[in-house]
Amino acid sequence: MLVGGAVWSLTLLPLAWWAEQTLRYQPWDIKEFALIAVTIVVTLGWVLVPLLITGLDDTLDPGRFATLGVRGKTIMPGLTVAAFLTVPALFFAVVLTMLAGSWRPYGLDVWAVALVGTALTLMMLVLSARVAVMWASRLLASRRARTVSLLAGAAGLALIAPAAWVLFQDGLQLVVEYDVPVLIEQAGRTPLGAGAAAAGSAAHGHWWGTWVRLAGLALWVVLLHRAWRANVEYALVHPVYRGGGTRQRADSMLAGMARAPWGWRRWRLSTPARAVRIRSARYWATDPRYLASMVGVLAFPVLFFALIMPAFGLDARWAFVAPVLLAASIGWGRHNDVALDSTALWLDVVSGQLGREIMWGRMAAIVTWALPVVLVAAVGTLAWTGLWSLAPAVVGACLGVLGLTLGISALTSVLLPYRAPAPGENPFGAEVGSVGASLVAQLISSAATGLALPLVTFAFALALVVDPAWGWLALVTGLVLGPGSLAWAVSYAGRQYDRRAGMLVASVS
Amino acid sequence: MASTGESAPHAIAIRGLTKRFGALLAVDEVDLDIPAGSFYGVVGPNGAGKTTMLSMATGLLTPDSGTAHVHGVNLWAQPAVAKPKLGVLPDGLHSFDRLTGAELISYAGLLRGMDKDVVRERRDDLLVALDLDSAAKTLVTDFSAGMTKKIALACAMVHAPRVLVLDEPFEAVDPVSAGAIRRILGAFVDTGGTVVLSSHVMALVERLCDHVAVVGHGHVLAAGPLDEVRAGQDLEDRFVGLVGDVRETRDLAWLRQS
């Protein structure tokens, strides 16, 4: 991972050099604009990527120091240095320094200001990422984690919604011409763009503006560092994953045996499978690791719908890709499902030859929330576009994609399990030594998903572009292939679970 | 032996069990017979292969070679027949800790396919017997180490197995609960059940067990009735004699207070 990241970063350096050369001979205002825009995009990346793609954040987790009884003050210098000695931090240090070099034609003093601004910006990036991850872990570990993550999701949507609304209203060209410049100019007055804007002020002689911007950014960096330190101190005395003294009144394991939810009565699962379903459902509702992945599946569909569609001015029919994408993200996201049990799965293993029951129970717990979510997304999209004639196509594609991707995940989670964060560990953390295995498992499950999806999306695509009547074929293929492939895959995965039962505990621990 | 089924004299019969982790031969061609109705202690120094051996005898770890029979049923060939006869308490593994204590016992019972009313009855009995009734409604994640051990022991017993295989069952358990567990296990053996437990504590094994096996460096160094293995010595002396004492004693003069 480290070597791969470093090599990949090196291949991007010529691009940065080319950008620097291009910018060097531009007027100062265009240069300032471009550099602020780059800073905004990079900051968004630094804050969002560790949250959305769990397992990327392999910097030192302060929770690991909790048992050593050290004080936050003592480990902060070490943590701070470590945070800057990562491949992304070093890569962006080099790239931003190269870009700052484009101010050289304005004299040494302006260049010096640009370098100071770059250094402060880099600190802001690294610290923002740390603060974002720690706050997110802290929220997800709280007793009201479910409510909090829903609120966070809603807040995220609320942030994107105005942007999406403006994009839909005006179209990309108008937005780029009028709104984006205003946004960038404003960002230049905030810590976000101050590092890049300071050199611009210096270049046209506004030294007063330069000092204000640099001082503001420095203050912001100090505040971020304080926030981080406060979080580290909190983490040192609050291990992540405690129940917080939660008391459960009834034994929901036995209560769940008495009543079968509506619709399950006919298809009632066996007793062990129902027990596994109830246990999995409890984890989906309360475990930070599951909650993080539940929020994460929304990222791609929402980004597609709210930003990519309006930005490229895509036809309204493209909106139907969003619920299908949602179904695929949910299904693909479960490709390491079994490993999240960690070594607790010994109880499942010693209790008999239960592979099929265990896999059915797990999948039932996922389908219980995933199916309504996907269907609501599909119906919502239909209502938004008003193209109800496409309903069979969309519903068919969603069912087919959900069933197929969950089926693939059932197989990979048994055949290619890799170490996941154990219960009680940071849901955004990666297990040391698991990166190679996780890469293989992710590549294989992605490739399998890519190969299998046309089976259930071909008729859907025809319905979108040729004739809505194809939607009926999409509905039939979705209804047959979705549940059918899921049922086959879960049974097969169950048999494999039994065959590999004596290796599972070892491979996830 | 393998064909004698239910009337097999051995609760667990291990033949040629071998497990290698890379360069380390953790368990090397081990043979061991555990008579039905015995209270069997497995002792050995750290890293001797006790946990690896017991994991292979209970279906948690696939052996590289060899067989394990539970009351005459080949565990790795017929797990669906053999596993219901076993109750297992592993050491050092997680529990499903988002469930409450009561729910974890119910979960273990339901996984075994038991009727929910029977599960409820036994769950309540176990919670009282192991002094866990106050913790029944608390999430396992908030349990102390000893409570986690006790709740896992309850999970191992809920389906009334014929053989209990317990890895370090008394570790971190307070003396009062340890007494309760000893009485429960003693009564289980008196009524024909078999208990296999691993421990570092010789005094405990000497007090509880009627049979003992000494494991070291992946081999069984001695096995049989307690008095035979002791050969007139204290078990601890005999144990040190079998596995060898620390190679060199060094005087830690700097540790002395005066």
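Taking the condition more than 18 Å from the chain's Cα centre (by Cα), facing chain B (nearest Cβ under 9 Å), open to solvent by 10 Å² or more (accessible area, probe 1.4 Å) and not charged (D, E, K, R), does A:LEU354 pass? Judged against the criteria, A:LEU354 is a match. When region A:336-351 is filtered for residues that are open to solvent by 10 Å² or more (accessible area, probe 1.4 Å) and more than 13 Å from every other protein chain (Cβ to nearest Cβ), only A:ASN336 remains. If you go through region B:129-149 and keep only what is more than 7 Å from chain A (Cβ to nearest Cβ) and part of a loop (DSSP other than H, G, I, E, B), you end up with B:LEU130, B:ASP131, B:LEU132, B:ALA136, B:PHE143, B:SER144. Only residues that are in contact (Cβ under 8 Å) with a residue 40 or more places away in the chain and surrounded by fewer than 22 Cβ atoms within 10 Å (Cβ to Cβ) were counted in region B:161-177, giving 6. Candidates in region B:84-128 are the residues that are touching a residue at least 60 places away in the same chain (Cβ under 8 Å) and more than 9 Å from chain A (Cβ to nearest Cβ); of these, the one that is surrounded by the fewest Cβ atoms within 10 Å (Cβ to Cβ) is B:ASP91.
Only residues that are of a type in the set (D, E, K, R) and surrounded by 18 or more Cβ atoms within 10 Å (Cβ to Cβ) were counted in region A:21-37, giving 2.
Scanning region A:257-279 for residues that are within 18 Å of A:LEU371 (Cβ to Cβ), within 31 Å of the chain's Cα centre (by Cα) and modelled with pLDDT under 85 turns up nothing. Taken together, the residues in region A:481-499 that are within 8 Å of chain B (Cβ to nearest Cβ) and open to solvent by 60 Å² or more (accessible area, probe 1.4 Å) amount to 0. Scanning region B:69-76 turns up at least one residue that is part of a loop (DSSP other than H, G, I, E, B), over 22 Å from B:PHE170 (Cα atoms) and within 13 Å of another protein chain (Cβ to nearest Cβ). Criterion first (in a loop (DSSP other than H, G, I, E, B) and more than 30 Å from A:GLY355 (Cα to Cα)) does B:GLY192 satisfy it? Judged against the criteria, B:GLY192 is a match.
Going by what's in this entry, would A:VAL432 be described as among the hydrophobic types (A, V, I, L, M, F, W, C), modelled with pLDDT under 95 and either under 30 Å from A:LEU345 (Cβ atoms) or open to solvent by less than 40 Å² (accessible area, probe 1.4 Å) (or both)? In short, yes.
Only one entry in B:GLY41, B:GLY49 is more than 14 Å from every other protein chain (Cβ to nearest Cβ) and under 20 Å from A:SER507 (Cα atoms), namely B:GLY49.
Exactly one residue out of A:ALA285, A:ALA275 is in contact (Cβ under 8 Å) with a residue 60 or more places away in the chain, hydrophobic (A, V, I, L, M, F, W, C), open to solvent by 10 Å² or more (accessible area, probe 1.4 Å) and under 19 Å from A:ALA364 (Cβ atoms): that is A:ALA285. Taking the criterion of being in contact (Cβ under 8 Å) with a residue 60 or more places away in the chain and more than 24 Å from A:ARG130 (Cβ to Cβ), the residues of region A:83-110 that qualify are A:MET98, A:GLY101, A:SER102, A:TRP103, A:ARG104, A:PRO105, A:TYR106, A:ASP109, A:VAL110.
The values are calculated or read from the model by the stated rules, or taken from the named source; none is laboratory data. Being a predicted model, the structure only gives us computed values, none of them experimental. Note: ideal-geometry Cβ built from the backbone for every residue, glycine included; neighbour counts use all protein chains shown. Ligands, DNA and RNA are stripped out before the accessible areas are found, and what is left, the full protein with its side chains, is counted by its heavy atoms. Shrake-Rupley method; radii C 1.70, N 1.55, O 1.52, S 1.80 Å.
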